[in-house]
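The values are calculated or read from the model by the stated rules, or taken from the named source; none is laboratory data. Everything numeric in this text was worked out from a predicted model, so none of it was measured. Here the Cβ is made from the backbone with ideal geometry for all residues, glycine too, and neighbour counts use every protein chain on show.
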Amino acid sequence: MQTIFRGKHFITLQEWTKEEIDTLLDVSYDLKRKFAMGIPTPYLRDKTIFLMFFEQSTRTRNSMETGITQLGGHANYLDTSTMQVAHGEVAKDTAIILSRYGHAIACRNCFWGIGNKYLREMAKWATVPVINMQDDLYHPLQAIADLMTMQEKRGDLRKAKVSVIWAYATTHKKPISVPVSQVLLFPRYGMDVTLAYPEGYDLPDWVIEQAKENAEKNGGSLKITHDQEEAYRDADVVFPKNWGSWVTNQSTEVIDDLLQKYQGWKCTEKMMQLASKDVLYMHALPADRGNEVEDSVIDGPHSVVYDEAENRLHTAKAVMTLTMGGR
Amino acid sequence: MQTIFRGKHFITLQEWTKEEIDTLLDVSYDLKRKFAMGIPTPYLRDKTIFLMFFEQSTRTRNSMETGITQLGGHANYLDTSTMQVAHGEVAKDTAIILSRYGHAIACRNCFWGIGNKYLREMAKWATVPVINMQDDLYHPLQAIADLMTMQEKRGDLRKAKVSVIWAYATTHKKPISVPVSQVLLFPRYGMDVTLAYPEGYDLPDWVIEQAKENAEKNGGSLKITHDQEEAYRDADVVFPKNWGSWVTNQSTEVIDDLLQKYQGWKCTEKMMQLASKDVLYMHALPADRGNEVEDSVIDGPHSVVYDEAENRLHTAKAVMTLTMGGR
Amino acid sequence: MQTIFRGKHFITLQEWTKEEIDTLLDVSYDLKRKFAMGIPTPYLRDKTIFLMFFEQSTRTRNSMETGITQLGGHANYLDTSTMQVAHGEVAKDTAIILSRYGHAIACRNCFWGIGNKYLREMAKWATVPVINMQDDLYHPLQAIADLMTMQEKRGDLRKAKVSVIWAYATTHKKPISVPVSQVLLFPRYGMDVTLAYPEGYDLPDWVIEQAKENAEKNGGSLKITHDQEEAYRDADVVFPKNWGSWVTNQSTEVIDDLLQKYQGWKCTEKMMQLASKDVLYMHALPADRGNEVEDSVIDGPHSVVYDEAENRLHTAKAVMTLTMGGR
């Protein structure tokens, strides 16, 4: 078990060793049990985490804000309308000054080509941990909650068939950060990951290369297919979710044409029947009901979306406890 | 004295027995005294209440947020601009997920024909108490503060003449939730309630029926008049306040014509002279000074509006303490 | 040492005696050391300070919100979009009701000719301390942080040459509250203050008179010049910062013409070479880089802007601790 986390940035899980992630999960389970039992966990009493949002959020904000409250601390909520960050304050100044005032800086910045760079620039100057609440490339808080949920439901995940599947949505242009984080993380736990999407929705090459390397080192695998049914067949877990085409990100027309054509990429009961009989349906929420997924699936017996959403709380609390407090 | 409140919804006072409301008042007095004495009341340490606002608020937000702070907990403020609720997240999902994260969900949603239904839909799925911070039909947090204030000033309220009086305002289209909650609650404490308004501003039939039934069971009465002076004459308490015409809610022109005609419905010193010499002037604030009421009345010796506003704090704390904590 | 502060308003430092300001600084140093050592300072446990913002803020909001958190209390953040204050609630009502709910009212209102009056109107009715987070005339929280920083770096400030220098900015129309507060405060600590600006940017006459009186009583001095170089020459501390022309506040055209003409009023390395070899460069941040100051100065060895920003936290905590808590 790793024990030194204080001050460690949480920008990608790739920069955390598997042993560190195991500790993170162990702490998450401990905090979850204490929450169920009503045992106080004031490990960060009167400490402040800044929550900087360049985009709206529900799940992330609420899990972080209730989480730090349960740890005895306080979330200082900053959105772009109340930040001078928006007009002119450079990341360096923000990072240095917030480091002087509080105990961690969490940030969501999904602007394409900017978000992750902004977080890394802050991390360079911050003297407190910088926590990624989603950027243009990564969403580690979602990926760790997904992993915890699968582990709770299935135990050992080695050789489990887990499919990350593109789905049609009218509320498109969703970031690629969720599938990127999933295909990078899951093979490290020995899963056989299938990544399925229509042509034109590839993830960046370096993601695939890194994911394959992760698989090789840890006994997992990564397979790419453009056949939806192949991804559902015998799957133990499915993650059908829309993401935007980062390749054609600049040319809106092309992407919209592509999108229209792929309305058939939907998680239906029929598709679910191809999967393992205990298959888990998962989604980061909010789902585009009727487009990404049929109501009967997301509200049905295979769906664990509320447990998955709840685990956002416990894992977020674990990240804060370890990086802001700790020994 | 009732002692089992944990998890109980607070959507209308009609659904709370008189004995339960008595306990609520008893707890309010206790919390008020402790506040005056500076005795800590950390009964909800590190617990979160979500405050969902579909409309602006001052009194309600501030009383709830300082209230939960004095109880050791935290208010997670959500407005529609920062909630995905606004675009697409259904009440069911919101209720289930916020229940997983925090300890109560308070909501203000005054949209006509929608607000109360939204709260009840959340209550159906929530596993934590749902607290009504005003909807299209009810405003129980205001009504209970009004009751507490009258009780403090007058003691036994049986046979007191209490008049709920429509008043002209330029900032019109105010919800009917305040007068509805008042005429339902006050007769339960044996008051003789007079409801006065110009024609066209009736409250819904089912409200009047329910209020009369409440009166009958508890020794109070409800009288309706369209004569303003009758309402003021010998009154012990007056609540002159604007409300919109729910009947003609869809046809703005009609309601505006009506309104213009009734500028005379104003709480003046002259009107107050018709009342009992110790009459109390009350208002939920902010008042439309010069229209609803003359300055000399609201700033005068009969006005208890600041005490009434203060009691919003103590009663809100009582509601939270009992429903979120408790035995 | 003064010991009775509870309930005292903090609107201008002019209304605090030098002995009271010394206590404020003493408490600031104590809180800063405890923060460095990780010693808890829960002196305002579960108390609420309202933060009313009529204008955006970063430094002030963050220092106040993390500050009250570190003191165990809670900041109730109110901006005009979520306050009924914006439409119609009078200062009197706001002050009385917030006094009933919480433990202090802090306010930023920089509207010219309005801000300070609004704060004083609230102070007239409030039964809790009113704290000025910047108005049209004063910014005492900035001035006290500046004083603390100079004291930390230089010790005894008597006879130090401190220059408050106008600087060009494209983000102009900045309030005069910072230079006004500085020229009033610094002479009280025996400094030789030079106020330098191009013609048309005078501070009000009563400010200069008061500042001179302060100087006379305390062994300091105030000199006014329109020669930038004179202000830099042999200076121990420089504060180059833009402020708007309050005289021509109503006539935008005139002020813009003036402004354009004075692009040369910039803090450059060349200017800094005229100053004392240990000169401190200070700025309230955010600075207009490239206009007010060259990057090589603000990022260079003389700059103490981050320490100055940090001291906003410690001094704000001292103000809250003394006025909201205390004996």
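Points worth noting:
- Test set (1) over 30 Å from residue C:236 (Cα atoms); (2) assigned by TED's automatic domain parsing to the domain that holds residue C:237; (3) among the polar types (S, T, N, Q) - residue C:149 fails condition number: (1)
- Any chance residue C:72 is more than 22 Å from the chain's Cα centre (by Cα) and over 26 Å from residue B:284 (Cα atoms): yes
- Residue in segment A:160-167 that is among the basic types (Lys, Arg) and more than 30 Å from residue C:306 (Cα to Cα) present: yes
- Of all residues in segment C:1-38, those satisfying the criterion of being of a type in the set (Lys, Arg) and either in contact (Cβ under 8 Å) with a residue 60 or more places away in the chain or surrounded by 15 or more Cβ atoms within 10 Å (Cβ to Cβ) (or both) are C:6, C:8, C:18, C:32, C:34.
- Being surrounded by fewer than 20 Cβ atoms within 10 Å (Cβ to Cβ) and over 30 Å from residue B:39 (Cβ atoms) is a property that holds for residue B:79.
- Residue match in segment C:289-304 (condition: facing another protein chain (nearest Cβ under 9 Å), closer than 28 Å to residue C:228 by Cα, touching a residue at least 60 places away in the same chain (Cβ under 8 Å) and out of contact with any Cys (no Cβ under 6 Å at 6 or more places or on another chain)): no
- Summed over segment C:257-300, residues that are in a loop (DSSP other than H, G, I, E, B) and either basic (Lys, Arg) or touching a helix residue (DSSP H, G or I) at 6+ places or on another chain (Cβ under 8 Å) (or both) total 16.
- Failed condition for residue C:296, given (1) over 22 Å from the mean Cα position of the chain (by Cα); (2) modelled with pLDDT under 95: (2)
- Qualifying residue in segment A:275-283 (condition: within 14 Å of chain B (Cβ to nearest Cβ), on the phi < 0 side of the Ramachandran plot and in contact (Cβ under 8 Å) with a residue 40 or more places away in the chain): yes
- Filter pass, residue A:51 being in contact with a Cys (Cβ under 9 Å, 6 or more places away or on another chain), under 30 Å from residue C:34 (Cα atoms) and of a type in the set (A, V, I, L, M, F, W, C): yes
- Some residue of segment C:90-105 being at positive phi, of a type in the set (D, E, K, R), buried (at least 20 other Cβ atoms within 10 Å of the Cβ) and modelled with pLDDT of 95 or more: no
- Test: residue in segment C:176-186 that is within 30 Å of residue A:65 (Cβ to Cβ), surrounded by 21 or more Cβ atoms within 10 Å (Cβ to Cβ), in contact with a Gly (Cβ under 9 Å, 6 or more places away or on another chain) and more than 14 Å from chain B (Cβ to nearest Cβ): no
- Comparison of B:315, B:323 shows that the only residue that is of a type in the set (Val, Ile, Thr) and touching a helix residue (DSSP H, G or I) at 6+ places or on another chain (Cβ under 8 Å) is B:315.
- Considering B:58, B:48, the condition of being hydroxyl-bearing (Ser, Thr, Tyr), at negative phi, modelled with pLDDT under 95 and surrounded by 20 or more Cβ atoms within 10 Å (Cβ to Cβ) is satisfied by B:58 alone.
- Any hit, segment C:49-69, residues being over 22 Å from the mean Cα position of the chain (by Cα) and at the interface with another protein chain (Cβ under 10 Å from one of its Cβ atoms): no
- Enumerated helices (runs of 4 or more DSSP H) restricted to segment B:114-231, each holding at least 3 residues that are touching a helix residue (DSSP H, G or I) at 6+ places or on another chain (Cβ under 9 Å) and closer than 21 Å to residue B:60 by Cβ: B:115-125, B:140-154, B:177-185
- Residues that are over 16 Å from residue B:78 (Cα atoms) and touching a strand residue (DSSP E or B) at 6+ places or on another chain (Cβ under 7 Å), drawn from segment A:48-73: A:48, A:49, A:50, A:54, A:68, A:73
- Considering each residue of segment C:78-90 in turn, none proves to be closer than 16 Å to residue C:311 by Cβ and among the β-branched types (Val, Ile, Thr).
- Residue C:321 being in contact with a Phe, Trp or Tyr (Cβ under 6 Å, 6 or more places away or on another chain) and within 14 Å of chain A (Cβ to nearest Cβ): yes
The rows are residues; the columns are (1) surrounded by fewer than 19 Cβ atoms within 10 Å (Cβ to Cβ); (2) within 23 Å of residue C:49 (Cα to Cα); (3) modelled with pLDDT of 95 or more; (4) among the hydrophobic types (A, V, I, L, M, F, W, C).
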position: C:116; (1), (2), (3), (4): no, yes, yes, no
position: C:119; (1), (2), (3), (4): no, yes, yes, yes
position: C:124; (1), (2), (3), (4): yes, yes, yes, no
position: C:133; (1), (2), (3), (4): no, yes, yes, yes
position: C:140; (1), (2), (3), (4): no, yes, yes, no
position: C:162; (1), (2), (3), (4): no, no, yes, yes
position: C:201; (1), (2), (3), (4): no, no, no, no
position: C:210; (1), (2), (3), (4): yes, no, yes, no
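- Flag if residue C:100 is closer than 16 Å to residue C:320 by Cα, within 13 Å of another protein chain (Cβ to nearest Cβ) and among the basic types (Lys, Arg): no
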